[in-house]
Amino acid sequence: MIKQISTSELRVGMYIHDLDCSWLDHPFAVSKFLIKDPKTIQKIASAGIRRVAIDTDKGRDVEQVAAPEMPAANQPAPERRPLRVSAREEGPRAAALFREATSVIKNLMEDARLGKQVEMQTLDPLAERMVQSVFRSPHALSGISRIKTKDEYTFMHCVSVAGLMTTFAREMGLDEDTIHQVAIGGMVHDIGKTLVPDEVLNKPGKLEGGEWAVMKRHVEFSGELLKAHLGLSQVAIDVTMLHHERMDGTGYPKGLKGDEISLIGQMSAIVDVYDALTSVRVYKEAWEPSVTLKKLMEWSPDHFNPELVQRFIKCLGIYPIGSLVELESGRVGIVIEQGEDVLRPCLKIIYNARKCCYTRVQELDLAREKSDRIVAARSPKDFGIDMTAFL
């Protein structure tokens, strides 16, 4: 039975049928779920939701709710999030995590290609470490993930999408369990590419009609490889199965449009395209992050939800970590830390555009150095800079 109640009547064990608001106005990945802990009730109230619909066939009814009990003396303490640190402090840990996750994904996808059992449980500890890294420093992992090699692009792309989705989900205020599942979904979102012929997957030129049809089937292949894993959450499945759907229905494999695509699916579409465009591929050079973010806005609302694109830009910053920028003084640097003012991040100065030469490496916090400012985002090719030597 569906029953309307006030938020103040909510208790653990109730099943939410409808939150009575747009999904953009609440912090949950889905609108129907079981309340498992008091924190969920607090999040509903904090979102300004005053009334909800509960399903008494799937959870507790109002009349069944007992008076609140005092917590037991031996009750575990609430989970504590890690202390915040700078991206520079988190960088070495994030780099080690990125390398380890890439290796695990490579082995997992190789097992899938050979028809072996896919050991999904190996992803849980990696997902947990990603969540912890992002809560310590939201931008460190996304900055590290810019470094990819053409040969290992598919594996690194999976890890990058997982990291970016984790950061995005945190920005959206989703609960930690959902963020964990988002990370798992990101790591396996392209697992179906293991069944795409290498001459199609790594073709250095444009795919022809028949080749493109084969490439698009990787989403279906992913679904087939993952369907045996009954414990895989709907959140992880949505990342995998919906990241190529588009708001106007021109995506694939199902041609879903608008709200037919879940919140997680719409988020994963943005992240997948962003990471693909900012990466070096066998057939193209990497786009600069700021240019890519601008293109995502241009492609909205046809392909992407514009409100979510704006939240994604807010999440990464106008100049994401790893971006190369030129200052009014002619100094050129890499963004290494975001600050309160998105236009004045902290940089690692590596080049002098006026003298056309490398310079002594030094850090410059534009929030404190008011005499200089960013005039343009630049490409490493503009100066012949090898970014891998500095990131």
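The table below lists the values:
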{"quantity": "Which numbered condition Arg217 fails, given (1) modelled with pLDDT of 90 or more; (2) under 26 Å from Asp124 (Cα atoms); (3) not hydrophobic (A, V, I, L, M, F, W, C)", "calculated": "(2)"}
{"quantity": "Among (1) closer than 20 Å to Thr167 by Cα; (2) in contact with a helix residue (DSSP H, G or I) (Cβ under 7 Å, 6 or more places away or on another chain) - the single one Trp287 does not satisfy", "calculated": "(1)"}
{"quantity": "Tabulated pairs, segment 132-145, first outside any helix (DSSP H, G or I), second among the hydroxyl-bearing types (Ser, Thr, Tyr), C-beta under 7 angstrom, 6+ apart or interchain", "calculated": "Ser137/Ser86; Pro138/Thr167; Ser145/Ser160"}
{"quantity": "Any hit, segment 330-342, residues being among the small types (Gly, Ala, Ser), surrounded by fewer than 16 Cβ atoms within 10 Å (Cβ to Cβ) and either over 26 Å from the mean Cα position of the chain (by Cα) or closer than 26 Å to Arg93 by Cβ (or both)", "calculated": "yes"}
{"quantity": "Pairs, first under 10 Å from Glu9 (Cα atoms) and open to solvent by less than 20 Å² (accessible area, probe 1.4 Å) in segment 51-63, second modelled with pLDDT of 85 or more and of a type in the set (A, V, I, L, M), C-beta under 6 Å, six or more apart", "calculated": "Val52/Ile16; Val52/Leu19"}
{"quantity": "Selected residue (only one of Ala112, Ala95, Ala101 is of a type in the set (A, V, I, L, M), surrounded by fewer than 18 Cβ atoms within 10 Å (Cβ to Cβ) and either at pLDDT below 80 or part of a helix (DSSP H, G or I) (or both))", "calculated": "Ala95"}
{"quantity": "In segment 155-201, residue farthest from the chain's Cα centre (by Cα) [restricted to those that are polar (S, T, N, Q) and within 17 Å of Thr102 (Cβ to Cβ)]", "calculated": "Thr194"}
{"quantity": "Test result for Ser31, farther than 30 Å from Glu119 by Cβ, touching a strand residue (DSSP E or B) at 6+ places or on another chain (Cβ under 9 Å) and at pLDDT below 80", "calculated": "yes"}
{"quantity": "Number of the exception - Met387 against (1) hydrophobic (A, V, I, L, M, F, W, C); (2) at pLDDT below 95; (3) farther than 25 Å from Ser160 by Cβ", "calculated": "(3)"}
{"quantity": "Checklist (1) of a type outside the set (Gly, Ala, Ser); (2) in contact (Cβ under 8 Å) with a residue 40 or more places away in the chain; (3) within 24 Å of Glu89 (Cβ to Cβ) applied to Val375, failing item", "calculated": "(3)"}
{"quantity": "Residue list for segment 246-272, restricted to those being of a type in the set (Val, Ile, Thr) and in contact with a helix residue (DSSP H, G or I) (Cβ under 7 Å, 6 or more places away or on another chain)", "calculated": "Ile261, Ile264, Ile270, Val271"}
{"quantity": "Sole exception among (1) loosely packed, with under 15 Cβ neighbours inside 10 Å; (2) under 28 Å from Lys284 (Cα atoms); (3) not charged (D, E, K, R) for Ala228, by number", "calculated": "(2)"}
{"quantity": "Lys148 among the basic types (Lys, Arg), under 17 Å from Val188 (Cα atoms) and part of a loop (DSSP other than H, G, I, E, B)", "calculated": "no"}
{"quantity": "Test result for Leu296, under 28 Å from Asp386 (Cβ atoms), out of contact with any strand residue (DSSP E or B) (no Cβ under 9 Å at 6 or more places or on another chain) and surrounded by 18 or more Cβ atoms within 10 Å (Cβ to Cβ)", "calculated": "yes"}
{"quantity": "Matching entry among Thr154, Thr167 (being hydroxyl-bearing (Ser, Thr, Tyr), in a helix (DSSP H, G or I), touching a Cys at 6+ places or on another chain (Cβ under 8 Å) and open to solvent by less than 40 Å² (accessible area, probe 1.4 Å))", "calculated": "Thr167"}
{"quantity": "Residue satisfying all of: in segment 321-362; among the acidic types (Asp, Glu) and under 20 Å from Pro289 (Cβ atoms); modelled with the lowest pLDDT among these", "calculated": "Glu340"}
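The values are calculated or read from the model by the stated rules, or taken from the named source; none is laboratory data. Just so you know, these numbers come straight off a predicted model, no measurement behind them. Note that we place each Cβ from the backbone using ideal geometry, even for glycine, and neighbour counts take in every protein chain shown. Protein only, heavy atoms only, side chains kept; ligands, DNA and RNA dropped before computing areas. Shrake-Rupley method; radii C 1.70, N 1.55, O 1.52, S 1.80 Å.
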